[in-house]
Amino acid sequence: MSKSFFIACLVAAGIALHAQTTPIALPKVAPTVDQVLSLKRAGSPQISPDGRFVAYTVRETNWDDNAYETEIWLANVQTGGTRQLTNAKKSSQSPAWSPDGSKLAFVSDRTDKRQIYLINPQAGEAEALTTLEDGVSGFAWSPDGKRIAYTATEPKSTAIKDREKKYGEFEIVDQDHRMTHLFVLEVATKATRPLTSGAFTVGSFAWSPDGKSIAFDHRINSDPANGGSADISIVTVTDGAIRKLVTQSGPDSNPVWSPDGSRIAFTTAMANPDYFYTNSLIATVSSSGGVPTALSSAFDEDPNLVAWKPNGLFFSASHHTWSYLHRLDPETKTVARLAPSDAVVMSSFSLSRDGSTVAFLGSDPKSIAEVFVAPLESVVSGLSRTLQAKKLTDTNVQTSNWATSTLDVVSWKSQDGATIEGVLHKPLDVDPSRKYPLLVVIHGGPTGVSRPIPFTSSTYPVDVWVPRGVLVLEPNYRGSAGYGEKFRSLNVRNLGVGDAWDVISGIDSLIAKGIVDPARVGTMGWSQGGYISAFLATHDAARFKAISVGAGISDWMTYYVNTDIHPFTRQYLKATPWDDPEIYAKTSPITYIKQAKTPTLIQHGATDQRVPLPNAFELYQGMQDQKVPVKLIVYQGFGGIGHGPSKPKSHRATMDHNLEWFDQYLFQTTTRPTTAERQR
């Protein structure tokens, strides 16, 4: 062996040994559509009464069965250890601790319908408590742990069954309602009896601290258009006697008892007829009856009641793009914000029995939601406080090798001087001297909000585009949640028009900064975001190279007569189309169809009840008549009211179809194979 060869061998061996002790960092790669949709996601944390454990769910994607499935996990707060608790067919969700913390009740559709199950969190198999024909809706433990109250939709009546036997299935609109009612279950014997019946439908409910009564909200029927009819009543558990508690106009819902049972807090419009866009309030009323007292009038946002504990009333609310827990002192009406930092999105709160500890989901610009716990013992009335939160999960490890993006909250002035914020997604290696293509993704609502959280879009492939060198702007246009009642009211009788100002001015602000190529701009959105995209497609077509309209409104009159929430349009436009056809025309994309010229993709669910399918066909036919490149895709199988994709393959479809459309008309690249084509 030569000396030079021997030295070369030693060098090679040294390199090999060094490689074993110092791993080479692999380059990060952009995620695919399927990888984003396959992320395991934590949710629904429920802290045990003593604060020692947190039950939570983990959602996984089952591509074979085309379903998102959840299982329940358990975290030890002291050690941080986690373990899976359920492992069954389909999903197990909505965990709820018994008052003594010895058992967990939960809902599962493992036998097709949603039933209540019971499990010992330390050991053992789950036991079914209900076997209802159509399953259960919600449930809650009694304070003594011996009973569970639940809501369930009443079965078809004998008259309806006889009618179908004779004539087949049909529906008499506004008459064939099936009501949801309240039942109580004896846990030991599984014996069940109804607590309510009659011509109303029950929503949320809560046991009194002494377990003798249940407060519940109810509407005249299940039609979403009648949400404003919600009132609150109390039923006595022993005999089912019902007495009305809150009967004022407008929606009153989500009752929560005070710890001593003397008062009930609830969410209310306080008889304001414009409840779709004005602030809701937290009010209290004596549990024996009386005039409600509003507590949160000085708080300029929608508060969402969480719990009433000895140390105060807790609620969640948005502040611009963020969201936090708050404590409301029911005596002084002062509000304190409770959060681990300013730049955090908190949700799904659960408090221990004494209110000393809270579990919640937390996310930020660098991480998807994780489960956290934080102590609340030293919360002082009226003083905001930084929470010392402990993370119990680590779902973000799944994205550690992905090329991500930088998420910034940006702001600009709109045409009328209103300050508009938005979330700007930028590649990590963004070059400030380069002009990038820009895609605008517009949220629904209008009282939705875009937040700076990665990997949240399952309709538009935002996290696939950005690593390819694309900027994505999500504008929180006028009417968005988190900016107060005055801001939410700015698009009243100004729908579409003012929204377009906000989007166009946001684009112009980025062009002025020199980072956007004005010749390569596209826009898209679903629901209200689809409507705004449709408005831009006909009113401001020259600004865009390609557009995608998802479940969008093309004509407010078409929408008004077809939707399941007629009051929405009457409140925002302040008229019916018969009373003021001009405002309906001014705010309708179809009015400006002669100006359309931008290639437009239209996506819509076949059974959409919120924005029914005629809206899509109207825009499609109008664009065809104007010789605009247009494609209409009608999707089958959307769940619920059919307003958006709800299963993995429908999410894959909407994302892939948008990739194809913008590749063809904005990026003008050779169309890449879709996810489905790559798997064939």
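The values are calculated or read from the model by the stated rules, or taken from the named source; none is laboratory data. Quantities reported herein were computed from a predicted structural model and do not represent experimental measurements. All Cβ positions, even for glycine, are placed from backbone atoms using ideal geometry, and neighbour counts span all protein chains on display.
For the condition under 17 Å from T321 (Cβ atoms) and in the same structural domain as P31 (by TED's automatic domain parsing), what is the one hit in S363, S384, S356?
The conditions single out S363.
So that you can scan it fast, the table gives a plain yes or no per residue for (1) more than 17 Å from A230 (Cα to Cα); (2) of a type outside the set (G, A, S); (3) in contact (Cβ under 8 Å) with a residue 12 or more places away in the chain:
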residue	(1), (2), (3)
S253	no, no, yes
D260	yes, yes, yes
A265	no, no, yes
D274	no, yes, yes
S297	yes, no, yes
P310	yes, yes, yes
S318	yes, no, yes
S341	yes, no, yes
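Give just the number: which of (1) within 21 Å of V462 (Cβ to Cβ); (2) touching a Ser or Thr at 6+ places or on another chain (Cβ under 8 Å) does M623 not satisfy?
Only one criterion is unmet by M623, namely (1).
What pairs can you find where one residue is in the range 573-586 and part of a loop (DSSP other than H, G, I, E, B), the other is of a type in the set (K, R), and their Cβ atoms are less than 7 Å apart, with a gap of 6+ or different chains?
Correct list of pairs: K574/R493; T576/R570.
Can you give me the number of residues within the range 515-552 that are outside any helix (DSSP H, G or I), over 18 Å from W661 (Cα atoms) and not β-branched (V, I, T)?
4
If G124 satisfies every condition in (1) out of contact with any strand residue (DSSP E or B) (no Cβ under 9 Å at 6 or more places or on another chain); (2) on the phi < 0 side of the Ramachandran plot; (3) in a loop (DSSP other than H, G, I, E, B) but one, which is the exception?
Going through the list (1) out of contact with any strand residue (DSSP E or B) (no Cβ under 9 Å at 6 or more places or on another chain); (2) on the phi < 0 side of the Ramachandran plot; (3) in a loop (DSSP other than H, G, I, E, B), G124 breaks only (2).
Please work out if T189 is surrounded by fewer than 16 Cβ atoms within 10 Å (Cβ to Cβ), of a type in the set (S, T, N, Q) and modelled with pLDDT of 95 or more.
Yes: the conditions hold for T189.
If a residue has to be out of contact with any Ser or Thr (no Cβ under 8 Å at 6 or more places or on another chain) and of a type in the set (A, V, I, L, M, F, W, C) to count, how many in the range 571-600 make the cut?
3
Of all residues in the range 491-514, which are surrounded by 20 or more Cβ atoms within 10 Å (Cβ to Cβ), in a loop (DSSP other than H, G, I, E, B) and among the hydrophobic types (A, V, I, L, M, F, W, C)?
Selection gives L495 alone.
Can you list the strands (runs of 3 or more DSSP E) found entirely within the range 13-107 that contain at least 3 residues being crowded, with 19+ Cβ neighbours inside 10 Å and modelled with pLDDT of 95 or more?
Output list reads 41-47, 53-62, 67-76, 92-97.
Residues are listed down the side, and each one gets a yes or a no for (1) assigned to a loop (DSSP other than H, G, I, E, B); (2) within 20 Å of F266 (Cα to Cα); (3) aliphatic (A, V, I, L, M); (4) not assigned by TED's automatic domain parsing to the domain that holds T569:
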| position | (1), (2), (3), (4) |
| --- | --- |
| V173 | yes, no, yes, yes |
| V184 | no, no, yes, yes |
| A199 | yes, no, yes, yes |
| G227 | no, yes, no, yes |
